[in-house]
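Down below is the structure, laid out as structure tokens.
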Amino acid sequence: MNPGAPDLTNDYDGPCAVCGAVVPAGTGVLRHGPNGGWEVFHPGHVPEPAPPARQDLPGWHRRRLMALDIETTGNRVAVDRILAVAVRLTDGTTGDWIMDPGSNIHSSAPDRIQGVTVERARANGVPAAPALDEVATLIADHLASNEILVVWFAPYVLTTLHAELLRHGVPPLSDRLPHGVAPVCDPLVLDRHADRYRPGRRSLRAVTDWYGIPHAHPGEAASDAEATLELAQAVADSYPSIARLSRPALHTEQIRWNAEQSRRHPDALEWPFAAVEPLPWEAPPAD
């Protein structure tokens, strides 16, 4: 349902999901149930929207996870440049980089909230090539150990990273990992699959708010990586069917789920990334 849409009513008599008493046809409120079916409620028993209760479940989310996030000059994966990278691991390891984008680069999304401006990156950033190589080495070593890389909206982040590595003559992840860039966990894909009918936005800020996860500085790579890491664990603890997946199955299922979620968007990037070639910098078209 869309926000603000009228409630759906029941066409047939059915038991109230809260009290069990019969709800006569046409008098109840229908909601999608947690298992994908429909539930009917007396009007006074309709629950307030809330995520499922988190459980202390075993699974892949209890292993050593690495979260990755980036800040860029814009959203064009083959053109825009990375300004900042942050990684956060569940064992407490952290990594932060600010990269000089070059003298002729400017932001193609100047009104977007971001923690690192082009000017700051140019003044305080390190040369991009060695920093990108350090980032790629850290990620590749983690994935080579068969541990999960957590990335919110993975096609955007990993495709942008792939293009930047090629642009600077640094071997991309796909060349470093003979068995593929896997396993990857994208909490956006997980949340859309687990709670597909929830109205409202699915931005990182909106979804962390939904699960009650602190997110102090949305748009900053470090804060986004920390929130993404906790979000992956929260989704798994909320949905046993996701928590019980093996690491290979988690990756494979997300390919299928993302394809279903993107079927109305023919220009959507491949999940978890698209092997695009980098393009020269150009200013975005004027509005």
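The values are calculated or read from the model by the stated rules, or taken from the named source; none is laboratory data. Treat the numbers as computed from the prediction; the structure is a model and nothing was measured. No Cβ is skipped: glycine too gets one built from the backbone with ideal geometry, and neighbour counts run over all protein chains shown. What goes into the accessible areas is simple: the full protein's heavy atoms, side chains included, and nothing from ligands, DNA or RNA. Shrake-Rupley method; radii C 1.70, N 1.55, O 1.52, S 1.80 Å.
Add -39500 (n - 2.57) for each DSSP H run of 4 or more in the chain, then divide by its residues: what number comes out at 222 nm, to the nearest 500 deg cm²/dmol?
It comes out at -10000 deg cm²/dmol, rounded to the nearest 500.
Output ³J(HN,Hα) for region 259-274: one whole-Hz value per residue in order, computed from phi by the Karplus curve 6.51 cos²θ - 1.76 cosθ + 1.60 with θ = phi - 60°, and x for Gly and Pro.
Per residue, the Karplus-derived 3J(HN,Hα) values read 4, 5, 5, 9, 5, 8, 10, x, 8, 4, 6, 5, 9, x, 7, 10 Hz.
At 1.4 Å probe size, with every protein chain present, just tell me what the per residue accessible area of region 9-126 comes to in Å².
Per residue, region 9-126 has an accessible area of 52 Å².
Note down the net charge around residue 30, summing +1 for each Lys or Arg and -1 for each Asp or Glu among other residues with Cβ under 11 Å from its Cβ.
Combined, the nearby Lys, Arg, Asp and Glu give -2.
Could you pull out every residue, at least 5 positions away or on a different chain, whose amide H is within less than 5 Å of the one on residue 8? Hs are placed 1.01 Å off N in the peptide plane, and Pro or chain starts have none.
Here the answer is 30, since their amide H atoms fall under 5 Å of that of residue 8.
What does the charge count near residue 226 come to, summing +1 for each Lys or Arg and -1 for each Asp or Glu among other residues with Cβ under 10 Å from its Cβ?
Cβ neighbours under 10 Å give a net charge of -3.
From the phi angles alone, apply the Karplus equation (6.51, -1.76, 1.60; θ = phi - 60°) to region 64-71 and give each ³J(HN,Hα) in whole Hz, x where the residue is Gly or Pro.
Karplus-based 3J(HN,Hα) across region 64-71 equals 6, 9, 10, 9, 10, 8, 9, 10 Hz.
Would you mind counting up the charge near residue 254? Only other residues with Cβ under 13 Å from its Cβ, with Lys and Arg at +1 and Asp and Glu at -1.
Surrounding charge for residue 254 is -2.
Along the charge dipole of the chain, Cβ charges K/R +1 and D/E -1, which of 273, 259, 75 sits furthest on the positive end?
Checked the options; the winner is 259.
Mind checking region 138-221 for chymotrypsin sites (Phe, Trp or Tyr not before Pro) that DSSP puts in a loop (not H, G, I, E or B) and that have at most 14 other Cβ atoms within 10 Å?
The qualifying sites are 197.
Taking every DSSP beta bridge with both residues inside region 60-215, roughly what % is antiparallel (nearest 5)?
Here the share of antiparallel DSSP bridges comes out near 65 percent.
Please turn the phi angles of region 137-146 into ³J(HN,Hα) values with the Karplus equation 6.51 cos²θ - 1.76 cosθ + 1.60 (θ = phi - 60°), one per residue in order, whole Hz, x for glycine and proline.
5, 4, 5, 4, 4, 5, 5, 5, 7, 6
Angle check, please: helix 154-167 long axis (alpha carbons) against the longest principal axis of the chain (alpha carbons), in degrees 0 to 90, nearest 10.
That works out to roughly 10 degrees.
For a quick check: with amide H placed at 1.01 Å from N, whose amide H comes under 5 Å from residue 185's, ignoring anything fewer than 5 positions away on the same chain?
Distant-sequence amide H within range of residue 185: 149, 150, 151.
Using the crude model of +1 on Lys and Arg Cβ and -1 on Asp and Glu Cβ, and no other charge, please compute the dipole size for the chain relative to its Cα centre, in debye to 20.
380
Translational diffusion coefficient, Stokes-Einstein: compute it for region 205-263 using the Kirkwood radius over C-alpha pairs as Rh, at 4 °C and 1.567 mPa s, and state it as an integer in µm² s⁻¹.
My calculation gives 102 µm²/s for D.
Using the alpha-carbon centroid of each, what span in Å lies between region 159-214 and region 42-109?
If you average the Cα positions of each part, the centres end up 7 Å apart.
Take 79, 276 and sort them by solvent-accessible surface of the protein heavy atoms, 1.4 Å probe, largest at the top.
Sorted descending by solvent-accessible area, the residues read 276, 79.
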